[in-house]
Amino acid sequence: MRVLFKIGLFLLPLITFSLIPTPPVQGADSEAKALFEKRCSLCHPVSRPLSKNMSGDEWRQTVMRMKARAGDRISDEEAEIIINYLTEIRGK
């Protein structure tokens, strides 16, 4: 019985958090999100950058480093869109 109680205490915040509605991303934001997911998932799960909070300059450094590794799979224009998107949703 104690084990079930402890499991319940662990799961309760997870269940509660999952019930909080989030506004849908629309328009240009959804295009930026789709680009981010398409390009960044070429090398790693998108959860990796989404677990971080960085300033715009830090996102720029990170994305440009990833762009250099990805070669021609990410254009300069796409990198800028991804930097702006990450700064908007995960900036500090």
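The values are calculated or read from the model by the stated rules, or taken from the named source; none is laboratory data. Here the structure is a predicted model, which is why all the values come from computation and not from measurement. Ideal geometry is used to build each Cβ from the backbone, glycine not excepted, and the neighbour counts take in all protein chains shown.
A quick yes/no check of all residues on (1) surrounded by 14 or more Cβ atoms within 10 Å (Cβ to Cβ); (2) among the hydrophobic types (A, V, I, L, M, F, W, C); (3) out of contact with any Cys (no Cβ under 9 Å at 6 or more places or on another chain):
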{"site": "34", "(1), (2), (3)": "no, yes, yes"}
{"site": "47", "(1), (2), (3)": "no, no, yes"}
{"site": "55", "(1), (2), (3)": "no, no, yes"}
{"site": "60", "(1), (2), (3)": "yes, no, yes"}
{"site": "65", "(1), (2), (3)": "no, no, yes"}
{"site": "69", "(1), (2), (3)": "no, no, no"}
{"site": "74", "(1), (2), (3)": "yes, yes, no"}
{"site": "79", "(1), (2), (3)": "yes, yes, yes"}
{"site": "88", "(1), (2), (3)": "no, no, yes"}
Can you tell me how many residues within the stretch 37-61 are farther than 13 Å from residue 90 by Cα and of a type outside the set (D, E, K, R)? 7
With respect to residue 41, determine if the residue is over 12 Å from the mean Cα position of the chain (by Cα) and surrounded by fewer than 13 Cβ atoms within 10 Å (Cβ to Cβ). no
Tell me whether the stretch 17-28 contains one or more residues that are within 16 Å of the chain's Cα centre (by Cα), at pLDDT 85 or above and of a type outside the set (Val, Ile, Thr). no
Under 8 Å by Cβ, and 6 or more places apart or on different chains, what pairs join a residue from the stretch 27-44 that is closer than 12 Å to residue 83 by Cβ and in a helix (DSSP H, G or I) with one that is polar (S, T, N, Q) and modelled with pLDDT of 95 or more? 32/84
